[in-house]
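Data block below; observations after.
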Amino acid sequence: MSEEKSLNFIEEIIEADLKSGKYKTIATRFPPEPNGYLHVGHAKSICLNFGLTQKYGGTTNLRFDDTNPVKEDVEYVDSIKQDVKWLGFEWANELYASDYFEQLYDYAVVLIKKGLAYVDDSTAEEIAAQKGTPTHAGTESPYRNRTVEENLELFADMRAGKYKDGEKVLRAKIDMAAPNMHMRDPLLYRIKHAHHHRTGDAWCIYPMYDFAHGQSDSIEKITHSICTLEFIPHRQLYDWCIEQLDIFPSKQYEFARLNMTYTLMSKRKLLQLVNEKIVDGWDDPRMPTISAMRRRGYTPESIREFCDRIGIAKRDNLIDVGLLEFCVREHLNKIALRRMVVFDPVKVVLTNYPENETELFTSEDNPEDPNTTSREIPFSRELYIEREDFMEDPPKKFFRLAPGQMVRLKSAYIIKCDEVVKDAEGNITEIRCSYLPESKSGNDTSGTKVKGTLHWVSVQHAITAEVRSYDRLFKIEDLSQAEGEINEYLNPDSLHITTNAYAEPALKTAKFDERYQFLRKGYYTLDKDTSEEKIVFNRTVTLKDTWAKEAKKG
RNA sequence: UGGGUUAUGGUGUAACGGUAGCACGACAGAUUUUGGUUCUGUUCGUCUAGGUUCGAAUCCUAGUAACCCAACCA
């Protein structure tokens, strides 16, 4: 019965570690730098790290990798916490690399005393030159052989603020000829007279990533430290620090980061979009950030499902954004309330329907739900339907309204098109139809079968709303192949605003935590720009549209 | 003139020497008061060349391709 789901390579390692008794329980961590908002690529990592400890038992810490005060900010800390929570995960401890600054300093002193670290007066340029190239060995710094005592004193002076930014650094003393560039006397500490969002002005030296991350893992007794592929070359240094310091041996494992078609996944470039006001902030619904997806109407469930489906492996990938859309449709189909909204209206007049009469039709909120509730929709003589649902000279498989053709109005009557009224320019201003009184929804004795069902709203009862429809932000599938400025690849049609859509009255009381399906259109949710004067909806995703595909075939 | 990582349908991901499977997409059909949903079916793959083996995606040898590494970023 239990259909075995195959394990990814990290799960295999964990199961082996648990089985061998290497660990009784596991510990992971999600270690964002608070220098930007989380995006869907981070969601993959979050689901992995938290998912592992949910599955195997154990704890996951949220640890902010805040070792570079000039780029970090509490705004990002707050957003990251909100996003992780919203995704549905609870961290065991909220921690900061900056919590360990004192400890890290002591570790540095240990290395100096062991003759494994030295203070270097070389400039950034000189150090870069000393590194050599991947194919040529580096050269040793002239300051490499300072005595332990001198290094100790100099390092203490660095901390005491006796030097300016860039004047001195602390370097590990490893091997300038190492084939791994990261082992060529990497920097451990640099001087930055900068205000830190947590430690304030207590420090003017800050540890580099390589001297903070592994030790932080070790301090927290992280068993499986999971990161992305580009950190593979760092692993040797990660292990070196832990071994020389003789501290808890956390182990690093690397998986391939998420890449998605038409989607920019670089925090740096996302920041650029925000700074250059190409988008309207980090939560602009076109952004791939968690906060943008939340605003746009994505559900945490659908994002988790997506992360589950894409899998964990070590090969580079480019996931079709269509898979994300599939996941959100799948969930929204189950939970969204059905409503009718006409975006581009054309008036239908039912010539045989009494004037001044209003009927109330009942329609289910969600046909997928066996216990569905329902709402009432007012119907009257004058209605709006979608302009694209009528054609004067339709192709063969057009099942909508056309002269002489019949359609069902959802939850109401079958109508037949009798006449088309046009203005002087030939634009259709009105479609005159007759309705079949005996075709009333749920009580149809007309015996008439129609192929098409249209959504509609009653003219006199309609409310208006603004609807924002989004499309992909970029024109090209693979942003990693984009050369030059990303601005060149922007999709000019990524946002379309319908300022005056006509909606059924039930939407007057739309709520922020509800999801809606506008029949035959897509899934929508209330935007935060909604006010007393204006109701604003965001389109989360369209419905699948096989007719659009058919029509395109011509 | 280096080191590292990875190669399975269009896109992802399994198969751990023994039937190349699953999902998304695409295509075809059924159902449908949403051209939605649901259901059924079809299409399409082991980077190349050798080798080991009764049997190779898997093991060996040699190639090829892609990605990563020379920030006082993480």
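Read-outs throughout are calculated quantities, based only on the coordinates presented, and are distinct from any laboratory measurement. Since we're looking at a predicted model, the values are computed, not measured. Here the Cβ is made from the backbone with ideal geometry for all residues, glycine too, and neighbour counts use every protein chain on show.
Among the DSSP beta bridges whose two residues both lie in segment A:399-546, what percent are antiparallel, rounded to the nearest 5?
If we restrict to bridges inside segment A:399-546, about 85 percent are antiparallel.
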* Using per-residue counts of other Cβ atoms within 10 Å, averaged over each peptide, order A:343-353, A:265-275 from highest down. => A:343-353, A:265-275
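Working out 0.36 nm times the residue gap between A:Asp239 and A:Asp201, then minus their Cα-Cα distance, what length gain in nm do you get to one decimal?
Length gained between A:Asp239 and A:Asp201: 10.6 nm.
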* Asked: Three principal axis extents, largest first, for the C-alpha atoms of segment A:1-77, in Å?
  -> 51, 27, 17
* **Overall Cα dimensions of segment A:209-336, principal axis frame, Å, largest first** => 55, 36, 26
* Structure fact -> Longest principal axis of chain A (C-alpha) makes with the long axis of helix A:321-335 (C-alpha) an angle, in degrees to the nearest 10, of 60
* Where does segment A:379-490 land on the Kirkwood hydrodynamic radius, alpha-carbon pairs, in angstrom? -> 17.2
* Structure fact -> In nanometres, the difference between 0.36 nm per residue of separation and the alpha-carbon distance of A:His496 and A:Glu368 is 43.1 nm
* To do: Fewest Cβ neighbours within 10 Å first, please rank A:Asp73, A:Asp246, A:Asp284 accordingly.
  => A:Asp246, A:Asp73, A:Asp284
* To do: Evaluate 2.2 N^0.38 Å with N set to the residue count of segment A:501-554, then give the Cα radius of gyration divided by it.
  => 1.37
* To do: Please give the helix A:101-113 orientation as an angle from the longest Cα principal axis of chain A, in degrees from 0 to 90, rounded to the nearest 10.
  => 40
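Assuming R0 = 51 Å, can you tell me the calculated FRET efficiency for the pair A:Phe9 and A:Glu419, based on Cβ-Cβ distance, to the nearest 0.05?
Working: r = 68 Å, r/R0 = 1.33.
Approximately 0.15, to the nearest 0.05.
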* Between A:Glu477 and A:Thr546, with labels modelled 7 Å along Cα→Cβ, what's the label distance in nm to one decimal, could you check? => 2.4
* **Spread of Cα-to-Cα distances over 5 Å intervals beginning at zero, given as percent, for segment A:73-215** => 2, 9, 17, 19, 17, 12, 9, 7, 5, 2, 0
* Asked: For a paramagnetic label modelled at 7 Å from the Cα of A:Lys113 toward its Cβ, which residues of segment A:147-185 fall within the zone defined by backbone nitrogen distances under 17 Å?
  -> A:147-157
* To do: Would you mind ranking A:Ser225, A:Ser216, A:Ser446 by Cβ crowding within 10 Å, fewest neighbours first?
  => A:Ser446, A:Ser225, A:Ser216
* Beyond 17 Å, what share of the Cα-Cα pairs of segment A:253-300 is found? Please give it as a whole percent. => 38
* Asked: Which whole-number percent is the relative contact order of segment A:310-448 (Cα, under 8 Å, 6+ apart)?
  -> 20
* May I have the convex hull volume per residue, in Å³, for the Cα set of segment A:404-554? => 209
* **Listed residues A:Thr299, A:His182, A:Gly404: farthest to the positive end of the dipole of chain A (Cβ charges)** => A:Gly404
* Asked: Can you pull the semi-axes for segment A:334-385, root of five times each eigenvalue of the Cα gyration tensor, sorted largest first, whole Å?
  -> 26, 14, 7
* Asked: Net charge near A:Asp365, counting Lys/Arg +1 and Asp/Glu -1 over other residues with Cβ under 14 Å of its Cβ?
  -> +1
* Structure fact -> For chain A the mean separation of alpha carbon contacts under 8 Å (6+ apart) over residue count, i.e. relative contact order in percent, is 11
* **Cα-based helix-to-principal-axis angle, A:300-310 vs chain A, degrees rounded to 10** => 70
* Structure fact -> Highest mean packing first, using Cβ neighbours within 10 angstrom, the peptides A:311-317, A:29-35, A:431-437 sort as A:29-35, A:431-437, A:311-317
* Asked: For chain A, what does -39500 (n - 2.57) per DSSP helix run (n ≥ 4), summed and divided by total residues, give at 222 nm, in deg cm²/dmol to the nearest 500?
  -> -8000 deg cm²/dmol
* Work from the charge dipole of chain A (Cβ charges, +1 for Lys and Arg, -1 for Asp and Glu, about the Cα centre) and give the residue of A:Phe89, A:Thr60, A:Leu519 farthest towards its positive end. => A:Leu519
* To do: Take the eigenvalues of the Cα gyration tensor for segment A:15-140, scale each by 5, and report the square roots as semi-axes in whole Å, largest first.
  => 34, 22, 16
* Structure fact -> FRET efficiency (A:Asn427, A:Asp78; Cβ distance; R0 45 Å; to 0.05) is 0.30
* Of A:Tyr298, A:Tyr489, A:Tyr238, how do they rank once you tally other Cβ atoms within 10 Å and put the fewest first? -> A:Tyr489, A:Tyr238, A:Tyr298
* Taking the Cα centre of chain A as the origin, how large is its charge dipole in debye, to the nearest 20, when only Lys and Arg (+1) and Asp and Glu (-1) carry charge on their Cβ atoms? -> 1060
* **Protection proxy ranking of A:87-96, A:411-420 - average other beta-carbon atoms within 10 Å, highest first** => A:411-420, A:87-96
* Asked: In whole percent, what relative contact order does segment A:142-271 give with Cα contacts below 8 Å and a gap of six or more residues?
  -> 17
* Taking every DSSP beta bridge that has both residues in chain A, what percent is antiparallel when rounded to the nearest 5? -> 65
* To do: Would you mind estimating how fast chain A diffuses translationally, via Stokes-Einstein at 20 °C and 1.002 mPa s with the Kirkwood radius over Cα pairs, in µm²/s?
  => 77
